[in-house]
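Nothing in this text is a laboratory measurement; each read-out follows from the coordinates by a stated rule. This structure is a prediction, so every number in the text was calculated from the model and none was measured. Glycine gets a Cβ as well: all are built from the backbone with ideal geometry, and neighbour counts include every protein chain shown.
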Amino acid sequence: MKIRNYIIISIVIISLSFCKNTTKESRTDKSNKNISSDLLIDHFNIWVEDPKMVKEQLEDIGFTSVPDSLSEVHEGQGTAGRYFNFLNTYLELIFVYNQNELEKNVRKNKDLDFTERANFKKNGALPFSIALRLKDYDIDKIPFESVKYHQDWMGKNASIYSAKNSKKFLQEPSIFIVYPEIESDTFETISELNNIPDEYAFAREFYKHPNGAKKITNIVITSTDLNLETETIKTVNKIPNLTVKNGTEYLMELYFDKNIQKRTFDLRPELPLIIYL
């Protein structure tokens, strides 16, 4: 069990790219078909400007949020998050917490796309990102050109790998690979929440939603003017329960429990999100 996840000490990195002493990791020698099965969704993110308003929107339709007091800032990056936990993943609403720290981080790591994603309303960047995990973690299995990113809060030899396209093509969602120590915990059923140690029993309640939502069973991301033939997008579209496609507007659609309740909540225009329960 990863106690870090129970108390939601958030160390999520969004849209990460190139550091000064970073080495590119190109994985073009393997076919997407062979390695797509090694990739799974860990969690996903939406950039927002008003986290309080957006969080209240989600709470109003029956989702339980992690308390703000347990949602720490991302040290050294100038960002913070608000969280909604589900049995098989979590949603983070990410926002700029400290503009000066954000700019300092970008100056140090010039190919990060934090600035572009945070200014999505002005520059048209897609405000979504997907964090992936690798089965039997091995960076040699990363199937797209990526760059390594490290900060002090990570383990000495730990890094996150971001798709190089996350900086280059802002119509694509930001894609990055987390390392095992920060992968999110998952549970098959509500009863499995009892596996959370008793000293963190309060965290069990963060997975229980009044609207009945348990697992996310499909994520559909729509972008505009998207090249579906890039290495990154072709790989992502072979990951189970995840689709990235072209359309007329930016939109994320989340399907819970295979839409068993047949209920829909459209949160536009405040948030480019449709919920299917």
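Below, the figures for the structure above:
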{"quantity": "Between region 137-209 and region 239-277, the alpha-carbon center distance in angstrom", "calculated": "21"}
{"quantity": "Aspartates and glutamates with Cα under 17 Å of K108, excluding same-chain neighbours fewer than 8 positions away", "calculated": "E75, E116, D152"}
{"quantity": "Net length gained if the chain between R107 and N246 were fully extended (0.36 nm per residue, minus Cα distance)", "calculated": "46.8 nm"}
{"quantity": "GluC sites (Glu not before Pro) lying in DSSP loop within region 128-236, provided at most 16 other Cβ fall within 10 Å", "calculated": "E188, E229"}
{"quantity": "Among I139, H74, L58 - extreme Cα towards positive end, dipole of region 40-143, charges at beta-carbon", "calculated": "I139"}
{"quantity": "Debye, to nearest 20: dipole size of region 186-277, +1 on Lys, Arg Cβ, -1 on Asp, Glu Cβ", "calculated": "360"}
{"quantity": "Magnitude of the charge dipole, region 119-277, Cβ model with Lys/Arg +1 and Asp/Glu -1, debye to 20", "calculated": "460"}
{"quantity": "Per DSSP, loop trypsin sites (Lys or Arg not before Pro) in region 31-118 with at most 11 further Cβ within 10 Å", "calculated": "K110"}
{"quantity": "Contact order relative to length of region 218-277, as percent, for alpha carbon pairs under 8 angstrom and 6 or more apart", "calculated": "35"}
{"quantity": "Length added when fully stretched, E181-N237, from 0.36 nm per residue minus Cα-Cα", "calculated": "17.6 nm"}
{"quantity": "Two-decimal Rg to Rh for region 113-236 - Kirkwood Rh, Cα set", "calculated": "1.02"}
{"quantity": "Residue list for region 48-75, given a label point 7 angstrom along the Cα-to-Cβ vector of N218 and an amide N cut-off under 20 Å", "calculated": "none"}
{"quantity": "Fraction of antiparallel bridges per DSSP, the chain only, in percent to nearest 5", "calculated": "65"}
{"quantity": "For the chain, the spread of Cα positions along each principal axis, largest first, Å", "calculated": "45, 43, 41"}
{"quantity": "Fraction of antiparallel bridges per DSSP, region 101-200 only, in percent to nearest 5", "calculated": "60"}
{"quantity": "Extension reserve of the Q57-L70 stretch, reckoned as 0.36 nm per residue once the Cα distance is removed", "calculated": "2.7 nm"}
{"quantity": "Region 214-277: trypsin sites (Lys or Arg not before Pro) in DSSP coil with no more than 10 other Cβ atoms inside 10 Å", "calculated": "K262"}
